[in-house]
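Structure first, then comments.
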Amino acid sequence: MKEYKVIGKSVRRLDAVEKATGTAGFTSDMKLPGMLYGKVLRSPHPHARIVSIDTSEAEKLPGVKAVATHKNTSRELFNTSATMTFTVPPMQPVLDQYIFDNVVRYVGDEVAAVAATSEKIAEAALKLIKVEYELLPTVYDPKEAMTTEAPVIHQCEMKNVPGEVIQIPFGDVEKGFAESDVIVEKEYKLPVVKQAQMETQAAVAQVSLDGKITVWCTTQTPHPTKMILAKLFSVPESKVRVLNPPYIGGGFGVRIGCSAKAEPIAVALSMLAKKPVKVVYSREEDFIASDTRHAGYVSVKLGAKKDGTFHAMHLKATLNGGAYCSFSVETPGVLGCMGLAVYRVPNQFYYGHSAYTNTTPAGAMRGFGNPQAMYAIESTVDMMAEKLGIDPLELRLKNIMQVGDPWVLPYKCGSTGLAECIEKGAKSIGWENRGKLNKPGAKKLRGIGMGVGTHVSNAWPFCGDYDNAYVTIQQDGSVHLASGVPDMGTGTSTTLPQLTAEVVGVSLDRVSMTLADTASTPFDIGSHASRALYAAGTAVVEAARDARRQVLEYAADLFKVAPERLVLEDSVIFPAGQTAGDDCAGSPVCTIGGKERKSITLKELAYDAHQRNKQFIGVGRIVPENAPPWHAHFAEVEVDTELCQVRVLRVAAVHDVGKAIHPVICEGQIEGGVLQGIGYALSEEIKYDDRGRQLENSFHKYMLPTADDVPEIETGLVEAHEPSGPFGAKGVGECGLVPTAPAITNAIYNATGIWFCEIPVTEEKMFRALKEKAGKTV
Amino acid sequence: MSLKILKFTLNGDPIEIAISPDEMLIDVLRDKLELTGTKKGCGKGECGACTVIMNGEAVNSCLVPAMKASCAVVETIEGVGSTDEFHPVQETFMDMGAIQCGFCTPGMIMSAKALLDRNTDPTSKEIKKSLAGNICRCTGYVKIKKAVQAAAEKMREKQ
Amino acid sequence: MLQDYLFPETVNEAVSFLQDHEGQARIIAGGTDLMLDIPEGKIETNYLVDISRIPELREITMKDDLIYIGAAVTHNQVASSELIQKNAAALAQAAGYVGSHQIRNAGTVVGNVCNAQPAADAAVALVALGATAEITTPAGQEYVPVEKMYAGVGRSTIDSTSQLVTRVSFPVAQKNQGTAFVRLHQRNALALPMLNVAVMVTLENGRFLWARICMAPVGPGPMRTLGAEEVLKGAEITPEVIEKAAQAVLEHANPRDSALRGSKEYRTSVLPVLVRRALGQAVVDAGGPSN
Ligand code: FES
Ligand code: FES
């Protein structure tokens, strides 16, 4: 195997110093001369028509510079998510939002906004806006939303269903079930959960007097966001600059496209006030008025032969899309495709869609439908194992997808290390102890469970995906990388320079990167879909190769050898077979600065080129394929049957990441995902009261795990080389969340004998289930 | 409302600044003194992103009335370490993967520093308790806890 | 609107300022609750009178068989005090559960009582300890059992615009006395309790001499459960007796249905478990048998 110099090494992150010293730039820290502060008036009602809105008192308040409502802002329909910029034809993006509308559709929906000289004044002004509402009927459940009695939230072809129903046929599912010996069928109910990234949605907009728009913001997708804003405000895209400053306090999908409406509102206010405007969501606004994960229903019908061979699967999803579409068309698509991609099942069918309701819009969140799919499927697989009397681990090993197997996806399954992940994880958790953990009569019961899954490494085929990068050799031989992709914490600002350094042949400290700025980087669709390293990385590798090729061609002229004979290593160029400084008579030499040399540094070469009016500019332009990362999670839980509480004791998470470009970053992605998955399984949930209000709207009420709630998490990496990825790498960002919940609920079953078909498994649910079970056994 | 003069020591420097008595320490630090290393994640004491050390104790600067800082010694992330010599917690956070998006990091480092300033041999339970008020949504805390342990070790070696 | 923020140097100075400003001035200690209520408009005041620098209020002291906790003593100071750990383990544990480390560094135990939240951890422990509050007004001092300081949900009998709770006190523990605090919560930090229970027991010759059991949130404030205490009085220390007492608490407990922190039914069903566990721990703390 080739020895790499830069990749595969867990170097200190290039953003570490700034972040550890508090000097890293975030949108919420920005201040511009003359900057105003924007605040948003939000609907207290889940569904209402605005009969009248009077802003005159607010406008009179000293310090108020602009008040925006549906009356004085863009009437262009849009979608805050990036779907409106990269939906693949013949599908059409759903555009169903205005910045402000005269109908509000969920508690928190935008009604008006104020820009003032201070946040306090802006807040005071909001209280002076008089709005008269006419209440409209409401619906909160996606199944109910599709019935004839439900109010229409948006006009759709199928009642309240945004876009279209996704149907994925594969084989003959009817026949498949007819031929199956054992069939298990279950419906699962999923909660609304929240990304709860640490930096709330934020944007600072500056509209110059000649109409150019600059927006610093928390978006995960600067280029698509630029496209959205250009359309919304009827400005040429070339005059809109969107950038991160350059960091984002997390994302997890919540800002693929706009940061909720922070950017459009900041721009609208800035246009009215002719001053820069900063909009930072409060934590409560972030909770109630920015996209959540899709809740809803997923049902699985699985058929198998007696020997355990899966033969047919029917998967169905009805997701709660909330009040506006966002990613409500793509999410059921990914849910279906990922759900159907894990096991070799010759006969499958998927039917899925979202439905509008009067709740906070649901959009992208880490895993994008996949955690919903795998909770349902992996629970069902364990039920099947029990029915068949086969060890769940064996049953999985028997049925998992293999390289080259036919599947529903339009790209190849080019690699899988899943079997190895399962074996390693089983060893780490002590699978052989499963079923032997409890003494008779114990009140605290322990159990072990597992779940597996796959995911994507970029966004295609669910939306368009192509990428570009520039690698520019500076006049001193140092290297500059420009990529449009952000670093929302996942480490792209380290790993992409690692790729660059490796390919060009320089050390990492010679590389710097400009990222996430539409004015200085070429188009990229953003950081999501676990794609930044795989897709943007492929473009970076391409650009770096191009730059290196140009360097070597230039050097070849000097050495008078073919470029292929030259080596560029550690910033030194020399003919192959000879090391720098070697005195090897008769070998090629180059003349530079009047001296004959056997090697030449990149620094000298770049400066020589500069003096001859030339710079090496590498361009990468790629259309990525896609590739499946794989993962197996194991959990050990303890259920206190008296207090009805579940505690996760240990998680073993083993992931096939292709090549780990930066192993510690890979582990960090997995660990973070695992903890979010634990929250998904046990405690995180946003419920609504009967007036459509979000009950969990703060960190205090929303039960995400703290540092004192973390079990032992053991991560393992498996490197099954992926031919389509940069150096064999594939996606990892989202994967940690995908199979965590079912590993936990399966462990709970192992401990208690109770299947939970609804998460999170709160104290309350455990109480009811234990009570029901006791009732049955008496 | 009349302004008050607030005097305190901030990162070793004397500060004298006119504030209104209802201002919170976080806003004085971030807006008035432009020390934006201290982050606001919730403004309600529920996330720890705003953690600073006041008279040796980690506190949520979003819950501290700025006037409470009068005559106090306040440390923010800007006063911790320097590029010549990072604090051991900064070193280990940087090298052990304890930083992802970085938004929780300043608060997390302040909480860890407050702990280690008083005890360079904390148990894993003490570390958990000291950091439980600092939400990190990126890391799952695994590497953060390890980094704090490693920093403690470094500090013990130095002693 | 807030006009000034003051640091009186003595208790007298503080209470006379309150008196002079007739309801327009209010006591602040740690401020971790108050500084949420003021911006939200729940509380309005012109003057905040910060008592956290009054030397005598910053101490935990022992005098004449009583332990005193001053009004400026924080949760973390209580949680880490050896004196408290030794004499009132329940209180040390309770204080260690409040909010988060940062909140415990600022918020005070006395403030926890005055804020009158139904399930205030420290208050629950103090009631079990039989603690008394010393209330200072310009007229002098009054002494009120902590148990009697609740006027309703979220309402204290203390008016912080005219009264200052200067300290709370409770007796030094005897050898045969023990306390314990248990808490049911959805996560280990930054969470209000779904239920909390504090108990104090006095043992003699293998029997309970007497016990105090306090629980929350099962009513407007921390609630004693006299029926269960009665069960224990003079009874032999056995798992059966403990279980009987644990079941007896339900006579008094009336937890609400909370969409956030559990249904009435769930909480009612697990409350005896918590009481049983707390009693078991307290017996051990008192040097009794563990089972
Ligand atoms: S901002 Fe202070 S605790 Fe969240
Ligand atoms: S690193 Fe992102 S929240 Fe901690």
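At a threshold of 40 Å², the residues of region A:727-771 that become less accessible to a 1.4 Å probe in the full protein assembly than in their chain on its own are A:763, A:764, A:767.
Taking the centroid of alpha carbons for each part, region A:277-304 and region A:132-188 are 18 Å apart. Could you compute the net charge surrounding residue C:188? Neighbours are other residues with a C-beta less than 9 Å from the C-beta of residue C:188; K and R count +1, D and E count -1. So the environment of residue C:188 carries a net charge of +1.
Average accessible surface for region A:320-392: 13 Å² per residue, computed with a 1.4 Å probe over protein heavy atoms with every protein chain in place.
Principal-axis analysis of the Cα atoms of chain C puts helix C:11-20 at an angle of about 60° to the longest axis. Spin-label pair residue A:212-residue C:83: with each label point 7 Å from Cα along the Cα-Cβ axis, the two points sit 6.8 nm from one another. Of the residues making up region B:44-58, those losing 50 Å² or more of accessible area when the isolated chain is joined by the remaining protein chains, with a 1.4 Å probe, are B:44, B:46. Multiplying the residue separation of residue A:619 and residue A:49 by 0.36 nm and removing their Cα-Cα distance gives an extension gain of 200.0 nm. On region A:619-685, 46 percent of the accessible area sits on carbon and sulfur atoms, based on a 1.4 Å probe. Contact with the other protein chains removes 30 Å² or more of accessible area, compared with the isolated chain and a 1.4 Å probe, from these residues of region C:92-126: C:101, C:102, C:103, C:105.
Chain A contacts chain C over a buried accessible area of about 2000 Å², both sides summed; the probe is 1.4 Å and only protein chains count. Each Lys and Arg Cβ is given +1 and each Asp and Glu Cβ -1; about its Cα centre, the protein assembly as shown then shows a dipole of about 840 debye.
Along the axis of the charge dipole computed for region A:389-483 (Cβ charges of +1 for Lys and Arg, -1 for Asp and Glu, origin at the Cα centre), the listed residues A:422, A:408, A:460 are led at the positive end by A:422.
Pairs exceeding a 20 Å alpha-carbon distance, out of A:301/A:387; A:278/B:39; A:9/B:158: A:9/B:158. For residue A:618, the residues whose modelled amide H falls within less than 5 Å of its own, excluding neighbours fewer than 5 places apart on the same chain, are A:471, A:472, A:473, A:547. With a 1.4 angstrom probe, the accessible area lost at the B-A interface totals about 3800 Å².
Between the C-alpha center of region C:1-42 and that of region B:30-64 there is a gap of 22 Å.
In this calculation the C-beta distance from residue B:121 to residue A:148 is compared with R0 = 60 Å, giving a FRET efficiency of 0.30.
Classified by the C-alpha gyration tensor, the protein assembly as shown has a prolate form. Its axis ratio a/c, with a ≥ b ≥ c, is 1.5 or above, and a/b is larger than b/c. Name the residue from C:232, C:266, C:280 whose Cα lies farthest towards the positive end of the charge dipole of region C:177-285, charges +1 on Cβ of Lys and Arg and -1 on Cβ of Asp and Glu. Checking the options against the dipole of region C:177-285, the answer is C:266. Using a Cα distance threshold of under 27 Å, what count of lysine pairs results for region A:101-202 when pairs must be 8 or more residues apart or interchain? So the count works out to 10. When only Cα pairs below 8 angstrom with a gap of at least 6 residues are kept, region A:201-315 shows a relative contact order of 29 percent. Using a simple spin-label model with pseudo-atoms 7 Å out from Cα toward Cβ, residue C:12 and residue B:82 lie 4.9 nm apart. Remark: chain C carries 39 Å² of accessible area per residue (probe radius 1.4 Å; ligands, DNA and RNA excluded). Here region A:685-778 is treated with +1 on each Lys and Arg Cβ and -1 on each Asp and Glu Cβ, and its dipole about the Cα centre works out to around 500 debye.
The angle between the Cα long axis of helix C:239-248 and the main principal axis of chain C comes to about 50°, on a 0 to 90 degree scale. Between beta-carbons, use under 14 Å as the cut-off and find the net charge around residue C:91, counting Lys and Arg +1, Asp and Glu -1. Net charge around residue C:91: +2. Ranked by the mean number of other Cβ atoms within 10 Å per residue, highest first, peptides A:299-306, A:231-238, C:188-195, C:121-128 order as C:121-128, C:188-195, A:299-306, A:231-238.
Taking label positions 7 Å along the Cα-Cβ direction at both residue A:185 and residue A:562, the computed distance is 6.6 nm, reported to one decimal. Remark: region B:1-128 carries 34 Å² of accessible area per residue (probe radius 1.4 Å; ligands, DNA and RNA excluded).
The fraction of accessible area contributed by carbon and sulfur in chain C is 47 percent, rounded to a whole number (1.4 Å probe; ligands and nucleic acids excluded).
Under the definition of Cα pairs under 8 Å and six or more residues apart, what whole-number percent is the relative contact order of region B:88-158?
The normalised contact order for region B:88-158 reaches 51 percent.
Here the accessible area is traced with a 1.4 Å probe on the protein chains. For chain B, carbon and sulfur cover 47 percent of it.
Quote to one decimal, in nm, the extra length available between residue A:309 and residue A:475 on full extension: 0.36 nm per residue of separation minus the C-alpha distance between them.
Stretched out fully, the residue A:309 to residue A:475 stretch lengthens by 53.6 nm.
Which of these, B:39, B:125, B:146, has the largest mean-square fluctuation under a Gaussian network model of chain B (Cα springs below 10 Å)? Looking only at B:39, B:125, B:146, the largest GNM fluctuation is found for B:125.
Region C:178-223 and region C:110-165 have Cα centres spaced 18 Å apart. The charge dipole of region C:228-291, taken about its Cα centre with unit charges on the Cβ atoms of Lys, Arg (+1), Asp and Glu (-1) only, comes to about 300 debye. Taking all Cα pairs closer than 8 Å and separated by 6 or more residues, the relative contact order of region A:353-456 comes to 23 percent. Chains C and B together bury roughly 2200 Å² of accessible area, counting both sides, with a 1.4 Å probe on protein heavy atoms only. Report the residue, chosen from C:220, C:55, C:118, that carries the largest GNM mean-square fluctuation when chain C is represented by alpha-carbon nodes joined by springs under 10 Å. It is C:55.
Given the Cα-Cα distance of residue A:610 and residue A:167 and 0.36 nm per residue of separation, how much length would full extension add, in nm? Computed gain between residue A:610 and residue A:167 is 153.8 nm. When region C:4-171 is described by a simple charge dipole with +1 on each Lys and Arg Cβ and -1 on each Asp and Glu Cβ, the residue from C:127, C:36, C:74 located farthest towards its positive end is C:127.
The values are calculated or read from the model by the stated rules, or taken from the named source; none is laboratory data. These numbers come from a predicted model, not from an experiment. In this analysis, Cβ positions are derived from the backbone assuming ideal geometry, glycine residues included, and neighbour counts consider all displayed protein chains. SASA here: full protein model, heavy atoms, side chains in, ligands and nucleic acids out. Shrake-Rupley method; radii C 1.70, N 1.55, O 1.52, S 1.80 Å.
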